[in-house]
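Have a look at the structure below, then the notes.
The values are calculated or read from the model by the stated rules, or taken from the named source; none is laboratory data. Since this is a predicted model, take the numbers as computed values, not measurements. When we count neighbours, we look across all protein chains shown, and the Cβ atoms used for this are built from the backbone with ideal geometry, even at glycine.
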Amino acid sequence: MANLQNLKPFVKGDPRCYRKGRPKSFDQLRKMAKAISHESVDAKTQISLIDSIMRKWATSRDPRLQLAFVEYAFGKVPQPQKHIGIPAIIKVKVVDGD
């Protein structure tokens, strides 16, 4: 059970409160993500956020992150198609609507 004494309500100008709201469409979300990805992480080396993320993925011990890095860099690995049995034959009956 949460300790209700530690809860603090939002006040005017509170930096925790995001007033712009959620993006209304995927295109707005993508635009926001691209803008964030180009922000500098380190002022000395001028590495952007997306550079930092990709470098972490490339050197990660998690194979899912490594696969994601390779797919972003070189494209998705083709998956073999599975064919099961003979395709069904569809019969169409044409009815004159007069």
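Tabulated values for the structure
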| read-out | value |
| --- | --- |
| Flag for SER60 being surrounded by 10 or more Cβ atoms within 10 Å (Cβ to Cβ), on the phi < 0 side of the Ramachandran plot and out of contact with any helix residue (DSSP H, G or I) (no Cβ under 8 Å at 6 or more places or on another chain) | no |
| Pick from segment 1-50, criterion of a type in the set (Ser, Thr, Tyr) and assigned to a loop (DSSP other than H, G, I, E, B), ranking: modelled with the highest pLDDT | SER25 |
| Matching residues in segment 53-86 - criterion: being over 21 Å from SER40 (Cα atoms), assigned to a helix (DSSP H, G or I) and among the β-branched types (Val, Ile, Thr) | VAL70 |
